[in-house]
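Readers should treat all values here as calculations from the given coordinates under stated rules, not as data from a laboratory. Remember, predicted model here, so these are calculated numbers, not experimental data. Glycine also receives a Cβ, built like all others from the backbone with ideal geometry; neighbour counts cover every protein chain displayed.
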Amino acid sequence: MSDHPFKSGLGVPTPAPLAVPTASAAPSMASPSPSPYPLATLPARLLDVRDLSVSLPGPKGTRLQALRHLDLTLDRGESLALIGESGSGKTLTALTLMGLLPPGAEAVGHVALDGQSLLALDEDTWCRWRGRRVAMVFQEPLTALNPLQKILAQVMEPIVLHRLAPDRATARERALAQLARVGLDAAHAQAYPHQLSGGQRQRALIAMALAGEPDLLIADEPTTALDAVLRVQILDLLESLVKERGMGLLLISHDLSLTARRVQRLAVLYGGRLMEQGVATEMLARPLHPYTRALWAARPRLGAGRDQPLQVLPGGVPSLAQVGPGCPFHPRCPLAQARCAVEAPPWTGRLACWEVTE
Ligand code: SF4
């Protein structure tokens, strides 16, 4: 549900513009607690994913290959958008990075945060890391928030759990400051999730994820429930936190046109495989892969005539059971050749395609 600027689930006035932190504006909010991982002492490379494949249990004891040979890297202070249609493997990638794969899923490959393998972490370590080293803004706030707890208590939880404040009063102050950053006030803080609109819940979830001051923030479609103005403000906020805190941001989106200009790098996924990856500005100026080109061509354009139909990509994303050994995009690709259906193109570091080269 969209969060209309003149509507509030609590009957409180329209929230003030988001407090986007800048070097000079930050002191007006509760100062973040010092990170136990000072930036200067840490390597630049935050996340290193190499040759990651994930399979899920299928019918009659079979295995379905959901992700294949993914390579991703993310440095501190860097933002990367994972782009693709629903069903392309974006959320499963995020769940792998959060140690939240569904029962029966198997991940193989190399996935490291600050050099430490995430695939080998035990649950005790995950409990200390989740929310602190790596946090996620989930796609559906109503199921991600606890319906029986007020918003303030939920935003305070990571601060208390990870001992980011010396006492509860300070934790409360910091939680309120995080809520203010996303445009929610004291009245919203005292509400239960069902008393807020969809957009307000989404913002509460973002505040909760930021409250743990994570090194890596994974945001899965964080702005879909928001109206256009809030969408821009939330993206501004995330962008500034990447710069201010040296946080790594993995933004998951199906909307290439919205996110592409807000991140430094793009990775395009389809059928569980990487199609193209690179510096965002370069990829937008010259998208190479036929799937990236099709996504870019399908964006709505300002100034397009009313009668001009939106360009659409015919066909749909294949189900896991339908993805064969070849290039998963071949049934929809205008450049497909016979071998595309039977043999997957190798990943060059920039793209995977038999017909297009760098
Ligand atoms: S490998 Fe073939 S089907 Fe896949 S994108 Fe390239 S041309 Fe199209």
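Brief remarks on what is shown
- Scaling against 2.2 N^0.38 Å puts the C-alpha radius of gyration of the range 110-152 at 1.47.
- Convex hull projection area averaged over all views, the range 164-299, Cα basis, nm²: 9.6 nm²
- Environment charge of Tyr270, counting only residues whose C-beta is closer than 14 Å and scoring Lys/Arg +1, Asp/Glu -1: +3
- Amide hydrogen neighbours beyond the local backbone of Ala191, cut-off 5 Å, H modeled: Ile151, Leu152
- Compared with the direct C-alpha span, the chain from Leu119 to Arg261 gains 48.0 nm at full extension, assuming 0.36 nm per residue.
- The charge dipole of the chain, taken about the Cα centre with unit charges on the Cβ atoms of Lys, Arg (+1) and Asp, Glu (-1), comes to about 340 debye, rounded to the nearest 20.
- The range 191-229 and the range 84-134: distance between their alpha carbon centers, rounded to Å: 21 Å
- Cα shape, the range 161-231, gyration tensor, a/c 1.5 rule: oblate
- Between the range 243-262 and the range 328-358, the Cα center-to-center distance that results, in Å: 27 Å
- Using a Förster distance of 25 Å, the FRET efficiency for Ala187-Arg299 (Cβ separation, nearest 0.05): 0.10
- Signed unit charges on C-beta, dipole axis of the chain, positive-most listed residue Ala228, Pro334, Pro290: Ala228
- Counted residue by residue at 0.36 nm each, then reduced by the alpha carbon distance between them, the extension gain from Ser86 to Glu355 reaches 94.3 nm.
- Counting only alpha carbon atoms, the long axis of helix 228-245 and the longest principal axis of the chain meet at about 80°.
- Fluctuation leader among Leu142, Leu47, Leu121 - the chain, Gaussian network, Cα springs under 10 angstrom: Leu121
- Extension gain, Lys243-Asp167: 0.36 nm per intervening residue step, less the Cα-Cα distance, totals 24.5 nm.
- Whole-Å semi-axes of the chain's equivalent ellipsoid (Cα gyration tensor): 35, 24, 19
- Once backbone amide H atoms are built at 1.01 Å from N, Met136 has Gly131, Ile218 as its partners under 5 Å, excluding neighbours fewer than 5 places away on the same chain.
- Between 0 and 90°, nearest 10: helix 168-181 axis offset from the chain longest Cα axis: 50 degrees
- Along each principal axis, taking the top coordinate minus the bottom one, the Cα set of the range 225-328 gives 43, 38, 29 Å in descending order.
- Here the sum of -39500 (n - 2.57) over DSSP H runs of 4 or more residues, divided by the residues of the chain, equals -7500 deg cm²/dmol at 222 nm, to the nearest 500.
- Shape parameters for the range 37-165, alpha-carbon atoms, Rg then Dmax in Å: 16.3, 52
- Nearest-ten-degree value, helix 198-211 long axis tilted from longest Cα axis of the chain: 80 degrees
- The residues neighbouring Asp167, those whose beta-carbon lies less than 14 Å from its own, together hold a net charge of +3 under the Lys/Arg +1, Asp/Glu -1 convention.
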